[in-house]
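Inspection log for the structure reproduced underneath, given as C-alpha cells.
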Amino acid sequence: FNIVQPDYGFFGQKDAQQVIIIKKMVKDLNVPVEITQCPIVREESGLALSSRNKYLSEEGKKDALVLSKILNNIKACYKKGITDVGALKETAYAYLTDKHDMEYLEILDRDTLEDKTKADDNTIALIACRVEGVRLIDNIYLGD
C-alpha cells in the first residue's frame with residue numbers, strides 16, 4: 001500500500017481472516033486506504049467460487065457442498081437461539097463423511113478473530129476442509 005498508495009483496496013470475504021488482518025494493519029499503521037470487503041461469490045449449488053474448484057471432479061464438487069451446508073446450519077442454529085460455540089460446532093459432525101477431511105471449524109469474533117464461548121451477531125464461522133485432496137475454505141457471518 002505504501003508503494004502504490006491506492007485510495008481503495010478490495011478483498012473477498014472468502015478469505016475473511018486475510019481481510020480482518022489487512023483492515024487491522026491499515027488502521028494500526030494509519031495507511032490512507034479504504035478497505036472494502038466484497039461478498040463471497042457462489043456457484044448455483046452454493047459452493048464458494050475458487051480457482052481450486054477446477055481440481056474437483058463433479059462428485060467432488062457435490063461433496064464440497066458440505067462446507068456451505070455446515071456453515072448455513074450453524075447460522076440457522078444460532079438464529080434459533082443456540083449461542084454456545086461448542087454446541088454450534090457439534091452440529092457440523094452430522095454432515096461429515098469419510099470423503100471430508102476437516103482441517104478446522106472456528107467460531108470467532110468477526111473483527112478480531114478472538115475466540116468466543118458464546119456466539120452473537122458479531123461472530124463469524126470459518127471452515128477449512130479437504131475434498132479429493134483439495135483444500136477448500138468458506139465462512140459465514142452469523143449476525144447477517
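The values are calculated or read from the model by the stated rules, or taken from the named source; none is laboratory data. All of these numbers come straight from a predicted model, not from anything done at the bench. Note that we place each Cβ from the backbone using ideal geometry, even for glycine, and neighbour counts take in every protein chain shown. Ligands, DNA and RNA are stripped out before the accessible areas are found, and what is left, the full protein with its side chains, is counted by its heavy atoms. Shrake-Rupley method; radii C 1.70, N 1.55, O 1.52, S 1.80 Å.
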Being touching a helix residue (DSSP H, G or I) at 6+ places or on another chain (Cβ under 7 Å) and among the aromatic types (Phe, Trp, Tyr), is that true of even one residue in region 76-96? yes
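Condition first: acidic (Asp, Glu) and open to solvent by 100 Å² or more (accessible area, probe 1.4 Å). Now tell me which residues in region 1-28 satisfy that.
The answer is Asp7, and nothing else.
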I need the full set of residues from region 85-99 which are assigned to a helix (DSSP H, G or I) and among the acidic types (Asp, Glu), in order please. Glu90
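Does Ile40 satisfy being touching a residue at least 40 places away in the same chain (Cβ under 8 Å) and part of a loop (DSSP other than H, G, I, E, B)? Steps first, answer last, please.
Working: touching a residue at least 40 places away in the same chain (Cβ under 8 Å): yes; part of a loop (DSSP other than H, G, I, E, B): yes.
It is true that Ile40 is touching a residue at least 40 places away in the same chain (Cβ under 8 Å) and part of a loop (DSSP other than H, G, I, E, B).
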Could you check, for region 100-110, whether at least one of its residues is assigned to a strand (DSSP E or B) and β-branched (Val, Ile, Thr)? yes
Applying the selection to region 93-125, what residues are buried (at least 19 other Cβ atoms within 10 Å of the Cβ), of a type in the set (A, V, I, L, M) and under 14 Å from the mean Cα position of the chain (by Cα)? Leu105, Ile107, Leu108, Ile124, Ala125
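Residue by residue through region 45-82, note down the ones that are part of a loop (DSSP other than H, G, I, E, B), open to solvent by 90 Å² or more (accessible area, probe 1.4 Å) and under 14 Å from Tyr95 (Cβ atoms). Outline the logic, then answer.
Quick first cut of region 45-82, residues part of a loop (DSSP other than H, G, I, E, B) only: 45-47, 49-50, 56-57, 65, 80-82.
From what is left, the residues that are open to solvent by 90 Å² or more (accessible area, probe 1.4 Å) are 80.
Within region 45-82, no residue meets the criteria.
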Given (1) free of Cβ contacts under 8 Å to residues at least 40 places away in the same chain; (2) part of a helix (DSSP H, G or I); (3) touching a helix residue (DSSP H, G or I) at 6+ places or on another chain (Cβ under 9 Å); (4) not small (Gly, Ala, Ser), number of the condition Ile22 does not satisfy: (3)
